[in-house]
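As structure tokens, the structure follows; a few thoughts come after it.
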Amino acid sequence: MKYFEPELTPDDDLPAQSSLQDQFGGLPWGLPPERWPLCASCGGPQSLLAQLRHHRERLDLGNEGRVLFVFACNDDSSRCPTRDRNSGASCCLVAEQGELAQGCTLPPLAQAFPQRRLDRWLGEQVHPAWRVVRWYEREDGIPESYPGSFGLNPDVPDGYDEKEYEGYWSEVSQQTRLGGVPFWIQRPEPPPESRFVGQIDSNCCQAFGDNGIGYIFLSGPASAPRGWFLWQCT
Ligand SMILES: [Zn+2]
């Protein structure tokens with residue numbers, strides 16, 4: 001199966017951003033403030049983990065110009081249960097091109113989130129920004145038809161060769177990427193009727209426990225895709 005690995009450069013080393021780009025960490029570009037996800041556990045704004053544009057091969061969001069935003073509460077400071085996809089402490093949303101504004105977005109101010117809290121949040125909870133300067137296309141050698149697409153089935157599928165299975169398994173990358181099959185650290189936890197979109201390792205934003213991996217899934221029809229995020233660690 002084909003998958004895509006990003007080459008990341010710190011935002012500070014690049015010319016100032018003037019349009020929406022694929023990015024990990026930092027502040028989202030053009031996200032309407034009213035769509036900024038708040039953490040169901042602590043009530044604070046969640047922090048951006050990734051902002052990724054629709055691409056027919058790399059990230060099929062069902063429509064040109066759509067953008068996937070992945071957020072999670074910065075649990076380094078909050079200790080919120082971001083690992084659980086149903087916790088409301090993380091969020092994965094798809095925005096339409098027409099919804100997006102120009103420029104970086106800040107979380108909306110509210111009575112419970114006044115300017116002084118925003119100032120502190122900006123200093124403490126925004127992850128360092130990394131921009132994707134290039135995507136590399138890779139091939140893991142796993143046939144699309146292989147049952148269970150790994151992850152979804154952690155054991156050798158019935159009637160299949162163990163050595164072949166282990167050979168494929170050893171090719172599953174643990175790094176940040178789009179496409180391919182998930183590298184599950186624990187038992188697979190795919191959301192029902194979803195498809196794997198990509199994973200985020202612990203090198204650019206959150207540690208996800210200790211050296212964990214965050215997983216991105218999409219479900220629902222192409223007209224209204226719904227995103228999911230969860231993570232695992234050893
Ligand atoms: Zn929280």
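If we scan region 91-99, do we find a residue that is at pLDDT 95 or above, crowded, with 20+ Cβ neighbours inside 10 Å and over 16 Å from the mean Cα position of the chain (by Cα)?
The answer is no; no qualifying residue exists.
Any residue at all in region 128-149 that is within 16 Å of the ligand (Cβ to nearest atom) and either at pLDDT below 95 or more than 30 Å from residue 163 (Cα to Cα) (or both)?
No: zero hits.
Which one of these is free of Cβ contacts under 8 Å to residues at least 40 places away in the same chain and not hydroxyl-bearing (Ser, Thr, Tyr): 45, 15?
Within the list 45, 15, the selection yields 15.
Within region 187-212, track down each residue that is under 14 Å from residue 90 (Cα atoms) and β-branched (Val, Ile, Thr).
200, the sole residue that qualifies.
Among the candidates 119, 76, which residue alone is in a helix (DSSP H, G or I) and modelled with pLDDT of 95 or more?
119
Quick check on my filter: what residues within region 29-43 are within 8 Å of the ligand (Cβ to nearest atom) and buried (at least 21 other Cβ atoms within 10 Å of the Cβ)?
Within region 29-43, 39 is the sole residue that qualifies.
Working only within region 44-88, note down all residues that are within 11 Å of the ligand (Cβ to nearest atom), among the polar types (S, T, N, Q) and surrounded by fewer than 16 Cβ atoms within 10 Å (Cβ to Cβ).
Once the filter is applied, which keeps residues that are within 11 Å of the ligand (Cβ to nearest atom), among the polar types (S, T, N, Q) and surrounded by fewer than 16 Cβ atoms within 10 Å (Cβ to Cβ), region 44-88 yields only 77.
Identify, please: which residue in region 164-189 is among the polar types (S, T, N, Q) and within 17 Å of the chain's Cα centre (by Cα) and is, among those, farthest from residue 211 (Cα to Cα)?
173
Does residue 85 satisfy being assigned to a loop (DSSP other than H, G, I, E, B), under 20 Å from the mean Cα position of the chain (by Cα) and either closer than 18 Å to residue 196 by Cβ or charged (D, E, K, R) (or both)?
The answer is yes for residue 85.
Of the residues in region 3-17, how many are among the charged types (D, E, K, R) and surrounded by fewer than 18 Cβ atoms within 10 Å (Cβ to Cβ)?
Qualifying residue count, region 3-17: 3.
Failed condition for residue 20, given (1) within 16 Å of the ligand (Cβ to nearest atom); (2) surrounded by fewer than 23 Cβ atoms within 10 Å (Cβ to Cβ), with all others met?
(1)
The values are calculated or read from the model by the stated rules, or taken from the named source; none is laboratory data. Keep in mind it's a predicted model, so treat the numbers as computed, not measured. Glycine gets a Cβ as well: all are built from the backbone with ideal geometry, and neighbour counts include every protein chain shown.
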